[in-house]
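Beneath this line is the structure, given in structure tokens, with notes to follow.
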Amino acid sequence: MSEHLPNWERNRFDRLMDLVMSSLPPRLHALLDEAPLIVDDCPSAELLEELGMDPELDDLCGLYSGVPLTERRHDASGDLPETIHVFRRGIIDEAGGWEPGLDEDGQAFGGEDEVMRQIRITVLHEIGHHFGLSEEELAELGFE
């Protein structure tokens, strides 16, 4: 989905992002010097298609681009720089939106606390890729 968020929604998300980032240990912040964190509203349709995702149906919360630490070579001077992208729209959708509610099964969804939880999961998930963890290993750790 390639829609841009209104300023109020972007500002609300960024305030929560700041709270989550300030709660992370300093060692994780140091990693972001190597793999900068970039926050965008949503990925481009081209990126989603490149990843095999349908731009009309699929959301993406985050993306790690680079060579994981476990796969680096000492002579890799020509590699592109690493980045961690976080996508506001995907995280808000994954959280269930801004307004808290209950689904048919009585399970809570949405609200700022859930958006913050999804931001944290996404950031830690993408940092996990930096360390070479697979999707399966991240799921076992609860960062799916």
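The values are calculated or read from the model by the stated rules, or taken from the named source; none is laboratory data. Computed from a predicted model, the values in this text were never measured in an experiment. Don't worry about glycine lacking a Cβ; one is built from the backbone with ideal geometry, like all the others, and counts go over all protein chains shown.
Structure data summary
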{"item": "Conditions (1) under 18 Å from Glu94 (Cβ atoms); (2) touching a helix residue (DSSP H, G or I) at 6+ places or on another chain (Cβ under 9 Å); (3) surrounded by 12 or more Cβ atoms within 10 Å (Cβ to Cβ); number of the one not met by Glu3", "result": "(3)"}
{"item": "Filter result (out of contact with any Phe, Trp or Tyr (no Cβ under 9 Å at 6 or more places or on another chain) and of a type in the set (Lys, Arg)) within region 1-48", "result": "Arg10, Arg15, Arg27"}
{"item": "Residues that are touching a His at 6+ places or on another chain (Cβ under 9 Å) and closer than 12 Å to Arg89 by Cα, drawn from region 37-60", "result": "Val39, Asp40, Asp41, Cys42, Pro43, Leu60"}
{"item": "Residue in region 108-128 that is surrounded by fewer than 13 Cβ atoms within 10 Å (Cβ to Cβ), modelled with pLDDT under 95 and in a loop (DSSP other than H, G, I, E, B) present", "result": "no"}
